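First the structure, in the form of structure tokens, and then the observations on it.
The values are calculated or read from the model by the stated rules, or taken from the named source; none is laboratory data. Small disclaimer: the values here were computed from a predicted structure and weren't measured. Please note: Cβ atoms are built from the backbone with ideal geometry, for glycine as well, and neighbour counts cover all protein chains shown. To get the accessible areas, we keep the full protein, side chains included, count just its heavy atoms, and leave off ligands, DNA and RNA. Shrake-Rupley method; radii C 1.70, N 1.55, O 1.52, S 1.80 Å.
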Amino acid sequence: AARPRVIEAAVAQLDSSYVFPEVAAKMAAAVRDRSKRGAYDDVTNGLSFATVLTEDFQGVSRDKHLRVNYSAPPIPDRPANFQPDSAARERFRQDMLRVNCGFEKTETLANNVGYLKFNFFADPEVCGDIASKEMAKLADVSALIVDLRENGGGSPGMVAHVSSYLFSKRTHLNDLWERRGNKTTEYWTKPELPGRKVRDDVPVYVLTASRTFSGAEEFTYNLKNLKRATIVGET
């Protein structure tokens, strides 16, 4: 009984919220058809069922952001404006500081080529100062390599924060649209930030790999389409 209930609940979420309604309909049809043919009859474990549904939804949508997760204890309902308490925020801040907010290496190579490797885009409210400190080290380089080969994404706010060090003038980066609520959020670079910026005439190269994902893809996409960087690596 749980299997069809989970499928219909997932389909209802897709019908109301997924960004492409026509793709949501195709995903629903595919999973319902597989269920009708008994493809899920032998799945008796919640975690396994979540994994199988994720694979089947992604098989139609090719959307790696779309996942079905499983939790043994019920997850409490939270209001839309939920905020973690001060203790949880402090734990998160300490966790971020321990890993330098994802910034793994910032250095100047031979011939004054800057190299920046970071592995996620952290919350700028917590990690903005560290990002600014790392970017300021690169202000005088003659060329810059940004290594996103292991970057799994994160906050679009941090995408804008790091990007701001590559543009002297306020520049429109991207818009994110949410179908539910028909809400659009614009992201722009910030003209005023701590520390000096990389000069506009400094060439930038972004390294990508198959693991480059989400916010790292947005960062790459933005710089490519604004003609601010050359992209090197895997799609």
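Here are some notes:
- Top-ranked residue in the stretch 180-190 [being out of contact with any Leu (no Cβ under 8 Å at 6 or more places or on another chain) and in contact (Cβ under 8 Å) with a residue 24 or more places away in the chain; ranked as most open to solvent (accessible area, probe 1.4 Å)]: Arg180
Every residue, every condition in (1) surrounded by 15 or more Cβ atoms within 10 Å (Cβ to Cβ); (2) at negative phi; (3) within 22 Å of the chain's Cα centre (by Cα), yes or no:
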| site | (1), (2), (3) |
| --- | --- |
| Pro4 | no, yes, no |
| Ala12 | no, yes, no |
| Val23 | yes, yes, yes |
| Arg34 | yes, yes, no |
| Tyr40 | yes, yes, no |
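- Scope the stretch 192-235; condition β-branched (Val, Ile, Thr) and under 24 Å from Asp129 (Cβ atoms); matching residues: Val198, Val202, Val204, Val206
- Scanning the stretch 212-235 for residues that are open to solvent by 40 Å² or more (accessible area, probe 1.4 Å) and under 22 Å from Gly157 (Cβ atoms) returns Phe213, Glu217, Tyr221, Lys224, Asn225, Leu226.
- Test result for Asn174, touching a residue at least 12 places away in the same chain (Cβ under 8 Å), under 30 Å from Gln13 (Cβ atoms) and touching a strand residue (DSSP E or B) at 6+ places or on another chain (Cβ under 6 Å): yes
- Residues of the stretch 198-211 satisfying the condition of being open to solvent by 30 Å² or more (accessible area, probe 1.4 Å) and touching a residue at least 24 places away in the same chain (Cβ under 8 Å): Arg199, Asp200, Pro203, Tyr205, Leu207, Ser210, Arg211
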